1. What share of all Cα pairs of segment 128-202, in percent, falls into each consecutive 5 Å distance bin?
2. Calculate the tail of P(r) for segment 348-424: the fraction of all Cα-Cα distances greater than 20 Å, expressed in %.
3. Looking at segment 3-259 from every direction and averaging, what is the projected area of its Cα convex hull in nm²?
4. Output needed: percent of Cα pairs per 10 Å distance bin for the chain, bins running from 0 to the one holding the longest distance.
5. Less than 14 Å Cβ to Cβ from Asp278, Lys/Arg counted +1 and Asp/Glu -1: what total charge do the surrounding residues give?
6. Packing-wise, with mean Cβ within 10 Å as the measure, how do 206-217, 167-178 rank, highest first?
7. Report, in order of residue number, the helices in the chain meeting two criteria: a C-alpha extent of 20 Å or more along the helix axis, and a mean Kyte-Doolittle hydropathy of at least -0.5; treat each whole DSSP H run as one helix.
8. Run lengths n ≥ 4 of DSSP H only: what is the helix-derived mean residue ellipticity at 222 nm for the chain, with -39500 (n - 2.57) per run over all residues, to the nearest 500?
Amino acid sequence: MNENIRSHYFENDDKMHEECGVFGMYDFDNNDVATSIYYGLFALQHRGQESCGIAVSDTEGPKGKVSSMKGMGLVNEVYTPESFEKLKGNIGVGHVRYSTAGASTIENAQPLVLNYVKGTLGLAHNGNLINAPELRKELALTGAIFQTTIDSEVIAYHIARERVNSASAEEAVMKALRKVKGSYSLVVMSPRKLIGARDPFGFRPLCIGKRDNAYILASESCALDTIGAEFIRDVEPGEVVTISPEYGIQSYKDMCQEKHARCIFEYIYFARPDSVFDGMGIYESRLIAGRCLAKDSPVDADMVVGVPESGNAAAQGYSLESGIPYGTAFVKNGYVGRTFIKPQQSQRESSVRVKLNVLKEAVKGKRIIMIDDSIVRGTTSDRIVGMLREAGAKEVHVRISSPPFLYPCYFGTDIPDREQLIAYNRSVDEICKIIGADSLAYLRKERLVEISGGRQYCHGCFTGEYPVEPPKEDIRGEHEDFKRGEDSKVK
Ligand code: SF4
């Protein structure tokens, strides 16, 4: 099928996307971690829908033997029951990917599997390295040949190199991580250990779980629930952990620092509402955002509705605070996969309508407060507001549970260029007119501390103040989506 009539999984929405989800497991008793990794990745599917992969190994077997299977598409499209007959092992790592740097191709799918002097390494990475171009150049000058265009390969190469002069795999990981700058939550499978690491700012989440005699590392706690594992704790920002039968969990905190910068969008939009990120429940966080909106931007109305899914909890919060009844206005069709044929402009169907329909009897004749988590370009918002009006809504007041986007992200989120952002160089009133709402209000920046439960967070995309100096060149340039215009990205 011609690629331009296929849809990105979420191409028809006006959202930014998370780069990836990672999952690792070491079972000290059983030789079948692949199926649990599959279900773990399935729970993390919202973090990346372009490609997925699983790599497993047997810690009792030969050091260089790793079985892996990667594919383009959703987890349940790539794996069949037969896949697991070939994926036997007691240690493994998995990955779901949405590309924010590096093209969307099978070569760039993870986990990366690399043979090196001490055996074979499997690595899965969530995040973006801001110094990847320099490090890649440096490695290339010393003879490295890269198989992919993703920055994660730079980490894998450095670990392999450092391993030659390191006493252990974790020592090699720590030496390699001292060279990289940016965001990473990593799971690494060495021949005999599972290793997890989070960058010193803690941009992306990573947590540890346990089920019987197996340990798990996962991007989000919802993946632990899915496989029946108990949440143990988060990997701390800057911490490296190793998991082995001899020592259980070992922790290395040499890179930990006081300054943290959790991506606030994990709370607002990326993470699943049933996950807990560094001690703060995502659902709770979104309820607080809704309550704040109700306090700061009240409006008289008959019903509060959320744009599914991430707008729902904030809408409930708005309703609880304001006393205005919470209701359902939208029915979402969740079956939009990678091979979804995107409606052409000449066709009557629109991607928004295909994904979302309005419950006419619920909104007819009512004054509606519609809560969404963000507006990126604004092209979807005007359609949704229009759909509510067509369905008979008397008034549509839009409340957004994040501040306006004004700056790019360099840490693993695909916020487009400034010129494409609706809030760039426009007032809130102007944006309100463009999306056709009766009123519009965003979450105030001062409220972000409340939704993170007082934890330190990154707010670079709202303020342009990043926790680390952003790169001079556009590190996102290799990804084709950034070069696509509004027309191709949002229909
Ligand atoms: S710039 Fe925005 S999207 Fe990027 S890490 Fe910071 S808060 Fe998250």
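1. Pair shares across the bins are 3, 16, 28, 26, 19, 7, 1.
2. Roughly 41 percent, rounded to a whole number.
3. Projected over every direction and averaged, the Cα hull of segment 3-259 covers 13.7 nm².
4. Final binned percentages: 4, 20, 30, 25, 14, 5, 1, 0.
5. Details: positive: Arg198, Arg204, Arg233, Arg262, Arg455; negative: Asp199, Glu220, Asp234, Glu236, Glu239, Glu266, Glu284.
Once positives and negatives cancel, what remains is -2.
6. Working: 206-217: 21.2, 167-178: 19.2.
Ranked from most to least packed, the peptides come out as 206-217, 167-178.
7. Flagged H segments are 282-296.
8. Values: 16 runs with 126 residues, N = 491.
The per-residue figure over the chain is -7000 deg cm²/dmol.
Rule-based calculations on the coordinates, nothing more; no lab input. What you are looking at is a predicted structure, and each value in this text was computed from that prediction instead of being measured. Glycine also receives a Cβ, built like all others from the backbone with ideal geometry; neighbour counts cover every protein chain displayed.
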